[in-house]
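S.K.: Here it is, the structure in full.
The values are calculated or read from the model by the stated rules, or taken from the named source; none is laboratory data. What you are looking at is a predicted structure, and each value in this text was computed from that prediction instead of being measured. We place every Cβ from the backbone using ideal geometry, glycine too, and count neighbours over all the protein chains shown. Please note that ligands, DNA and RNA were not included when accessible areas were found on the heavy atoms of the full protein model with its side chains. Shrake-Rupley method; radii C 1.70, N 1.55, O 1.52, S 1.80 Å.
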Amino acid sequence: SKAKLFDEKTDTRTSFKDVAGLEGAKEEVQEIVEFLKNPDKYTSLGGKIPKGALLVGPPGTGKTLLAKAVAGEAKVPFFSLSGSDFVEMFVGVGASRVRDLFKQAKDKSPAIIFIDEIDAIGRARGKNNFTGSNDERENTLNQLLTEMDGFGTNTNVIVLAATNRADVLDKALMRAGRFDRQIYVDLPDIRERKEIFEVHLRPIKTSETLDLDFLAKQTPGFSGADIANVCNEAALIAARKEKKAVNKQDFLDAVDRIVGGLEKKNKIIT
Ligand code: ATP
């Protein structure tokens, strides 16, 4: 149904405060927030507001979170869909879904459109993607390109798209006037992991002052999503033991559990 496809969040709860680390990426998207809040200021000298930016980085690093925060900070509606939906759910109707999505966003502009996993529709044309019909995917991609070219300069819809495979994308997507900005969203370093722990510890009842430097040190290679998982898992482990609050050992047990899960995942892939 439409309601499911257009996950429009007019409640603007996500803000930059929810996004830990990623200073460079936040600075770059801050500019997009300014454009959305004050389009006339930026076009007054004949400049054109960018239509799209690509958020590039490994899974779970906060690309979706960052896109929601842009909408939240600018107080504009957030329309989202995932590239994999087109492969799995919208067989035969991809192009018309794209058309509808852009129409809705334009009607409510200024607005953000977020396309997660854009590689599922945006792979270089003419290459096999093993799933679904290639014609279908190409039609969807062509419609997306048409929509982006079709916006007037004062449409005030900015499209953010996320991928962890920028290398496989059709170059046509990156042409001027489309996704001509790339913003890197990398795995967090030790200092950023500490900040992500701070964010995700906010709702957790802890029994002691946790050494966040220590936790950051115990979690090399973890993404923001993995750290969010650790905090949640630690709270569940402590609750299972009927504890009144979560302690350091619960966090270490949670880290072990997440490491176990990550190792299993890697084994399946390799
Ligand atoms: P994917 O490529 O798998 O779609 P993503 O990069 O879009 O991943 P998100 O969906 O934004 O990642 O992240 C998942 C969750 O992980 C977020 O909702 C948040 O709870 C947590 N998270 C990830 N990165 C951060 C961060 N930098 N700061 C705070 N929380 C984070």
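S.K.: Among the residues of the range 164-218, which ones are within 18 Å of the chain's Cα centre (by Cα) and among the small types (Gly, Ala, Ser)?
M.R.: Ala166
S.K.: Oh, and also: If I ask for residues that are open to solvent by less than 60 Å² (accessible area, probe 1.4 Å) and at positive phi, which ones from the range 58-90 would you list? Spell out how you get there, then give the answer.
M.R.: Step one: list which residues in the range 58-90 are open to solvent by less than 60 Å² (accessible area, probe 1.4 Å), which gives 58, 60-64, 66-67, 69-74, 76-87, 90.
Passing the criteria: Gly60, Gly62.
S.K.: If Leu66 passes every condition in (1) of a type in the set (A, V, I, L, M); (2) closer than 17 Å to Ala111 by Cβ; (3) modelled with pLDDT under 95 but one, which one does it miss?
M.R.: (3)
S.K.: Six or more apart or on different chains, Cβ atoms under 6 Å: show the pairs whose first residue is in the range 113-125 and at pLDDT below 80 and whose second is outside any loop (DSSP other than H, G, I, E, B) and among the charged types (D, E, K, R).
M.R.: Note: pairs meeting the criteria are Arg125/Glu138.
S.K.: I'd like the full set of residues that are within 16 Å of the ligand (Cβ to nearest atom), open to solvent by 50 Å² or more (accessible area, probe 1.4 Å) and of a type in the set (A, V, I, L, M, F, W, C), limited to the range 197-224.
M.R.: Residues satisfying the conditions do not exist here.
S.K.: Select from the range 182-220 the residues that are over 14 Å from Leu252 (Cβ atoms), touching a helix residue (DSSP H, G or I) at 6+ places or on another chain (Cβ under 7 Å) and acidic (Asp, Glu) and list them in ascending order.
M.R.: Glu198, Asp213
S.K.: Restricting to the range 91-110, and then to whatever is in contact (Cβ under 8 Å) with a residue 12 or more places away in the chain and assigned to a loop (DSSP other than H, G, I, E, B), can you tell me which residue is surrounded by the fewest Cβ atoms within 10 Å (Cβ to Cβ)?
M.R.: Among those that are in contact (Cβ under 8 Å) with a residue 12 or more places away in the chain and assigned to a loop (DSSP other than H, G, I, E, B), it is Gly92.
S.K.: Now, a different point. How about the range 165-191: which of its residues are open to solvent by 30 Å² or more (accessible area, probe 1.4 Å) and part of a helix (DSSP H, G or I)?
M.R.: Once the filter is applied, which keeps residues that are open to solvent by 30 Å² or more (accessible area, probe 1.4 Å) and part of a helix (DSSP H, G or I), the range 165-191 yields Asp167, Lys171, Met174, Ile190, Arg191.
Per-residue answers, yes or no, for (1) closer than 29 Å to Ala161 by Cβ; (2) aliphatic (A, V, I, L, M); (3) modelled with pLDDT of 95 or more:
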{"residue": "Val185", "(1), (2), (3)": "yes, yes, yes"}
{"residue": "Arg191", "(1), (2), (3)": "yes, no, yes"}
{"residue": "Pro203", "(1), (2), (3)": "no, no, no"}
{"residue": "Glu208", "(1), (2), (3)": "no, no, no"}
{"residue": "Asp211", "(1), (2), (3)": "no, no, no"}
{"residue": "Ala225", "(1), (2), (3)": "yes, yes, yes"}
{"residue": "Ala228", "(1), (2), (3)": "yes, yes, yes"}
{"residue": "Leu236", "(1), (2), (3)": "no, yes, yes"}
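S.K.: Could you tell me whether any residue of the range 224-243 is in contact (Cβ under 8 Å) with a residue 60 or more places away in the chain, in a helix (DSSP H, G or I) and among the acidic types (Asp, Glu)? Step through it out loud before you land on a result.
M.R.: First, the residues of the range 224-243 that are in contact (Cβ under 8 Å) with a residue 60 or more places away in the chain: 224-226.
Within this subset, residues satisfying the condition of being in a helix (DSSP H, G or I) are 224-226.
Adding the requirement that they be among the acidic types (Asp, Glu) leaves 226.
Yes; the residues of the range 224-243 include at least one that is in contact (Cβ under 8 Å) with a residue 60 or more places away in the chain, in a helix (DSSP H, G or I) and among the acidic types (Asp, Glu).
S.K.: Let me ask something else about it. I'd like the residue in the range 236-253 that is surrounded by fewer than 22 Cβ atoms within 10 Å (Cβ to Cβ) and of a type in the set (A, V, I, L, M) and, out of all such residues, is farthest from Arg191 (Cα to Cα).
M.R.: By that ranking, first place goes to Ala239.
S.K.: Output the residues belonging to the range 134-144 that are farther than 12 Å from Arg99 by Cβ and surrounded by 18 or more Cβ atoms within 10 Å (Cβ to Cβ).
M.R.: Glu136, Arg137, Leu141
S.K.: Moving to a separate point now. Report yes if Ser223 is over 21 Å from the mean Cα position of the chain (by Cα) and among the hydroxyl-bearing types (Ser, Thr, Tyr), otherwise no.
M.R.: Judged against the criteria, Ser223 is not a match.
S.K.: Given the condition in contact with a Pro (Cβ under 6 Å, 6 or more places away or on another chain), closer than 24 Å to Phe151 by Cα, more than 12 Å from the ligand (Cβ to nearest atom) and assigned to a loop (DSSP other than H, G, I, E, B), answer yes or no: does some residue in the range 63-82 qualify? If you could, list the steps in order and put the result at the bottom.
M.R.: Pass one, the range 63-82, residues in contact with a Pro (Cβ under 6 Å, 6 or more places away or on another chain): 76.
If we keep only those that are closer than 24 Å to Phe151 by Cα too, we end up with 76.
Right, trim to more than 12 Å from the ligand (Cβ to nearest atom) and you get 76.
When the remaining residues are screened for being assigned to a loop (DSSP other than H, G, I, E, B), the result is 76.
Yes, the range 63-82 has at least one match.
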